[in-house]
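Readers should treat all values here as calculations from the given coordinates under stated rules, not as data from a laboratory. No experiment lies behind these values; they were computed from the predicted model shown. FYI the Cβ positions are ideal-geometry reconstructions off the backbone, even for glycines, and counts take in every protein chain you see.
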Ligand SMILES: [Zn+2]
């Protein structure tokens, strides 16, 4: 068999495999009832780009004043700040990184695994606020630097929902669910934490690596395909 024929055959085989995989994923996404009698979606999926949360003390050290509000984010009370910061790691630097308010008890840097590689830090996958033992980094404004001893994490995917949403989806705070994204490249994201509060608005949060892997855009929604009690 000549090289052209082999290439053509391989191409056919690959196309069949891709078609079958995408067909199976669509079937999973279409499974609207897994026997629990509750709803599975759709859940809006939002992509969290790299960002920083600052303590009031660190905000004042960097900018000489508390953070200022630029625009509201989807979760009630959360906002994008006018201030921006530079992240300085052992191997690389990221400029113009967003700061999200309001200020918190401890400063925290949320990046993707790809960012972590560029910066040269071994950031663990953690839920927001769980920073114990995570690497530190340097934050810079135009005039000041602040060194964090810890606080660099890759935010673990999660779904914000109200108690009413939780009842509808048959889940409670702390449960883990597997979610299929109905995107250009559908994927099932396993072990997604359910967070329930009357202050939340229904949204699943993924990071840039997860979004790019799935071919995410703003219209993408998720469907719960499996539930695990905490
Ligand atoms: Zn979130």
Fill in: Measure of compaction for region 48-155 (Cα Rg per 2.2 N^0.38 Å)
0.97
Discussion item. If you split all Cα-Cα distances of region 106-193 into 5 Å bins from zero, what percentages do you get per bin, shortest first?
Written reply: 3, 12, 17, 17, 16, 14, 10, 7, 4, 1, 0
Fill in: Degrees separating the helix 3-30 axis from the principal Cα axis of the chain, which is the longest one
70
Worksheet entry | Highest-MSF residue in the chain out of 189, 148, 73 [GNM, Cα springs under 10 Å] | 73
Discussion item. I want to check the label-to-label distance for residue 7 and residue 78. Put each point 7 Å from Cα in the C-beta direction and report it in nm to one decimal.
Written reply: 4.8
Worksheet, complete the sentence: Convex hull around the C-alpha positions of region 73-230: the volume in Å³ per residue is 124
Worksheet, complete the sentence: Among 81, 36, 106, the residue with the largest mean-square fluctuation in a Gaussian network model of the chain built from Cα contacts under 10 Å is 36
Worksheet, complete the sentence: GNM of the chain, Cα pairs under 10 angstrom: of 146, 52, 179, the biggest fluctuation goes to 146
Practice prompt. Could you order peptides 149-161, 214-226 by the average number of other Cβ atoms within 10 Å of their residues, highest first?
Written response: 149-161, 214-226
Practice prompt. Quickly work out the residue 38-to-residue 217 label distance, labels modelled 7 Å from Cα along the C-beta direction, and quote it in nm with one decimal.
Written response: 3.2
